[in-house]
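> There's a structure below that I have some questions on.
The values are calculated or read from the model by the stated rules, or taken from the named source; none is laboratory data. Owing to the predicted nature of the structure, the values given are computational and were not obtained by experimental measurement. So basically every Cβ, Gly included, is an ideal-geometry build from the backbone, and we count neighbours across all protein chains shown. The area values use the complete protein model at the heavy-atom level, side chains included, leaving out ligands, DNA and RNA. Shrake-Rupley method; radii C 1.70, N 1.55, O 1.52, S 1.80 Å.
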Amino acid sequence: MATQETQLLDDILVRSRRKMLSLGGAALAGLMLADAKPAQAATTYTDADILNFALNLEYLEANFYYLAAFGCTIDKPNAAAIAAGAPSAGIPITGSVGTAGTVTVSGTTKVPFGTDYATAAYANETAIEEGKHVLFLQTALGSSTYVAQPAINLDAAAGGAWPTLATAAGVAGGSGFSPYTSNLNFLLGAYVFEDVGVTAYHGAASLLTNGGNLSAAGGILAVEAYHAGLVRTAIFAQDPSSTSIGAIAGQISALRSALALAASPVTLTGTAATLPTLDPNPDDFGTAVFPVTLAGVTSYMGARVVDSDTTDTTNPIPLAIAFARNTTQVLNIVTGGGAISGKTVVSPAKGVFFPNGLNAGPNGFK
């Protein structure tokens, strides 16, 4: 899968913008893979801004896992959620900054895991941990500072966030995709979020000025990376040849990479003959598969992030370092291209999972 995905990304980066459209550009018609640096307003973020940015994303993740594991949202826990460790009173979604939004979702969301006990246990554990991340950030910010939960779309109905994302990624039958209908689809839904969380926390780390906040963010990053590793391992366990859900994970990675690249602050140079001169902020090249031969039988297993850019001067050790994304890159992923219009940064960014944008203070998020 790594070879196919790298080829796909090469096509996106250096050969044809039409390739991006073949990945579902109708759903992201406004997205352009800019060859020049997007115009970015000079913004000085405080620690509170950064933690609130993270809190917006944690509201999204926590609600997804609660819906999938328990069939409820974080503010209205049911008996299953409480039994797993959710606060019986629910997690607050109102805050001093911004208007509290609801979660748009329809139908049954509790995933029928069947006898897949490992994936069910992962879903329960992650739901509780993501809920604790919300509570931790709210406490760290204080009641007078933290943002309310923004409007979130986690709907799998026609026109909802999930079919829109799957269609944009070029997933066969993407218009009917739901992460709530099976254990395999749930893993793909989780795959959408976890790597983004890792890169977002890494990107924010250098902006934090308070040592305590940096330590806390590092702790959450470690847990998000733990979740990402579990998801990747589970996907390979279910599809060691990467021909079914593994292949779809590759399509998701390609879309994330393209969206992040469109919002990259780096100028790409060169011609089609000399490229790739790739973005020195590494993109997500998905999962790598490695042949393993045991008892004369070869199978393909693996689960790690790949940075195929061996000429990358800012990350010269491929495969060894989790890379970082800036706020605009993260926003362009979770809003499906809503953070960029041509070569201009859009603020507030809105779309897909955040239909009205994030809740933010006076500095906003760019």
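> Specify the residue that is surrounded by the fewest Cβ atoms within 10 Å (Cβ to Cβ); the eligible residues are those in the range 83-133 that are among the polar types (S, T, N, Q) and not in a loop (DSSP other than H, G, I, E, B).
So in the range 83-133, the residues among the polar types (S, T, N, Q) come out as 88, 94, 96, 99, 102, 104, 106, 108-109, 115, 119, 124, 126.
Still in the running and not in a loop (DSSP other than H, G, I, E, B): 104, 119, 124, 126.
Working: THR104: 15, THR119: 22, ASN124: 22, THR126: 26.
Step by step, filter the range 83-133, then rank; the result is THR104.
> For LEU261, state whether it is surrounded by 13 or more Cβ atoms within 10 Å (Cβ to Cβ) and either modelled with pLDDT under 80 or over 24 Å from LEU57 (Cβ atoms) (or both).
yes
> Just to check your reading of the model, which residue among PRO163, PRO179, PRO150 is in contact with a Phe, Trp or Tyr (Cβ under 7 Å, 6 or more places away or on another chain), in a loop (DSSP other than H, G, I, E, B), farther than 23 Å from TYR122 by Cβ and in contact (Cβ under 8 Å) with a residue 12 or more places away in the chain? Spell out how you get there, then give the answer.
On the way: PRO163 fails: in a loop (DSSP other than H, G, I, E, B); PRO179 fails: farther than 23 Å from TYR122 by Cβ.
None of the other options fit; the residue is PRO150.
> I've got another one for you. In the list LEU33, LEU55, which residue meets the criterion of being modelled with pLDDT of 95 or more and aliphatic (A, V, I, L, M)? Give the steps one after another, and end with the answer.
Values: LEU33 fails: modelled with pLDDT of 95 or more.
When all the criteria are applied, what remains is LEU55.
> Could you tell me whether GLY212 is surrounded by fewer than 17 Cβ atoms within 10 Å (Cβ to Cβ), at pLDDT below 95 and either assigned to a helix (DSSP H, G or I) or not small (Gly, Ala, Ser) (or both)?
Spelling it out, GLY212 is indeed surrounded by fewer than 17 Cβ atoms within 10 Å (Cβ to Cβ), at pLDDT below 95 and either assigned to a helix (DSSP H, G or I) or not small (Gly, Ala, Ser) (or both).
> Within the range 304-340, count every residue that is among the polar types (S, T, N, Q), more than 17 Å from GLU194 (Cα to Cα) and modelled with pLDDT of 85 or more.
1
> Give the range 239-256 a look and list any residue that's open to solvent by 20 Å² or more (accessible area, probe 1.4 Å), part of a loop (DSSP other than H, G, I, E, B) and either touching a residue at least 24 places away in the same chain (Cβ under 8 Å) or among the small types (Gly, Ala, Ser) (or both), or say none.
PRO240, SER241, SER244
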